[in-house]
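As structure tokens, the structure follows; a few thoughts come after it.
The values are calculated or read from the model by the stated rules, or taken from the named source; none is laboratory data. All values reported here derive from a predicted model rather than from experimental measurement. Positions of Cβ are backbone-derived with ideal geometry, glycine not excepted, and every protein chain shown enters the neighbour counts. Heavy atoms of the whole protein, side chains included, go into the accessibility calculation; ligands, DNA and RNA do not. Shrake-Rupley method; radii C 1.70, N 1.55, O 1.52, S 1.80 Å.
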Amino acid sequence: MTKIFGIDISHWQSNMDLNNAKNEGVQFAIIRGMYGNAKDVSFESLYTKAKNAGLGVGAYQWGRAANVAQAREEAQLFVNYCLKGKQFEYPIYYDVEDSILIKLSVQELTDVISAWCEVIEANGYFAGIYMNQSCFNNEVKGSELAKKYSQWRAYWTTENKKPVCQMWQFGGESNYVRTNIVAGMVCDQDYAYEDFPSIIKNAGLNGFSKGTQNATKTIDQLAQEVFDGKWGTKDTNPTREENLTNAGYDYSKVQARVNEILNSSKSTIEYYIVKKGDNLTKIANAYETTVNQLVSWNNIKNANLIYAGQTLRVK
């Protein structure tokens, strides 16, 4: 299961060093954009710092709408003053915890949330909902909303008691999973259980053009690019895992192939003399390798041009 570590922050963490946060394992930041209709004074700077640190970024609006009309107004203001002109690898969330919202009836609050999400989606963004587990169970029609919108749930407990949702806020000042300190500051912490960057980029949402992900290369092509140094290492910033994941590829599969090639290279080198009718695909299949690997080993300029009698390294 995908499990990506991130944080959610606001002006209270305006001085956080997000490069240090990344070095401690943080891969994304969900940033507060607005408190009701008021823009968070640190949103722009935190967004820039998160992007510069190579983190995935999402945003949330602390909701204060008393009815559907106000929810729609809030959402459009959020789009106009925080979201436009930016790109977000993670969803855009409505934060449901203000007393104004909690005082509404179950149906009223459900309608307010849906209205906000509808405006966000109509503007081309991936909408989600943040609330605590008690609110989901008692204050809204939780199962109805969960069918339509991504769920970010707060429930500060141990990992074996986590709620079923796409993103889990597992701790803040209290934390039963890990230390509550990130980059020297107390902050809320999260696990994402979806590969949101791939979903969002492939769908052309959150400021990305459709197909931005362009995850069309084979595992073997990517493995060769890893050897060529194109995807970084575990020590680079961003790391190889982050680069591949943010580009829409399955890091574990690529790394497994890289390891396989490395291990195979330690075995005895073997050569093959090309026979009439051979081609690289046929030879690669026979020796359980790839055309790209044969091309690399043998410095072949044209993969479609080999000749009988030619000696090729095949292991």
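Here are a few things to note about the model shown:
- Rg ratio (alpha-carbon, reference 2.2 N^0.38 Å) - region 134-185: 1.30
- Cα pair distances exceeding 14 angstrom across region 242-315, given as percent: 64 percent
- Qualifying aspartates and glutamates (Cα of each under 12 Å from Cα of Lys210; at least 8 residues distant if same chain): none
- Length gained on full extension, Asn52 to Tyr155: 34.1 nm, using 0.36 nm per residue less the C-alpha separation.
- Separation of the alpha carbons by more than 21 angstrom is noted, of Lys3/Lys234; Lys51/Lys147; Lys86/Lys201; Lys51/Lys234, for Lys51/Lys147.
- Summary of packing: across the peptides 270-283, 19-32, 60-73, the per-residue average of other C-beta atoms within 10 Å ranks them, highest first, as 19-32, 60-73, 270-283.
- Working from the Cα coordinates of region 166-315, the gyration tensor eigenvalues give, after taking √(5λ), semi-axes of 43, 18, 12 Å in decreasing order.
- Amide hydrogen proximity for Val182: with H placed 1.01 Å from N in the peptide plane, the residues at 5 or more positions away or on another chain lying under 5 Å are Cys187.
- Relative packing of 234-244, 173-183, which averages over residues the other C-beta atoms within 10 Å, highest first: 234-244, 173-183
- Whole-percent carbon and sulfur share, accessible surface of the chain, 1.4 Å: 47 percent
- Taking region 290-310 and a reference point 7 angstrom along Cα→Cβ of Glu270, the backbone N atoms nearer than 15 Å belong to 290, 294.
- For Lys103, net neighbour charge (Lys/Arg +1, Asp/Glu -1) across residues whose Cβ lies under 13 Å away: -3
- Once the Cα gyration tensor of region 30-188 is diagonalised, semi-axes √(5λ) in Å: 23, 21, 13
- Reported value for the chain: 155 Å³ per residue, from the convex hull of its C-alpha atoms.
- The calculated FRET efficiency for Lys162 paired with Glu24, based on their beta-carbon distance and R0 = 22 Å, is about 0.55.
- Sequence ranges 204-210, 128-134, 224-230, ranked by mean other-Cβ count within 10 angstrom, highest first: 128-134, 204-210, 224-230
- Residue (of Gln13, Thr110, Ala71) at the positive-pole extreme of the chain, dipole from beta-carbon charges: Gln13
- Reported value for region 92-182: 105 Å³ per residue, from the convex hull of its C-alpha atoms.
- Sequence-distant lysines (8 or more away, or on other chains) whose Cα lies within less than 24 Å of Lys315: Lys217, Lys230, Lys253, Lys266, Lys275, Lys276, Lys282, Lys301
- Comparing Ile199, Phe126, Ile92 along the charge dipole axis of the chain, the residue lying farthest to the positive side is Ile199, per the Cβ-charge model.
- Here, region 1-96 yields an orientationally averaged convex hull projection of 6.6 nm² when only Cα atoms define the hull.
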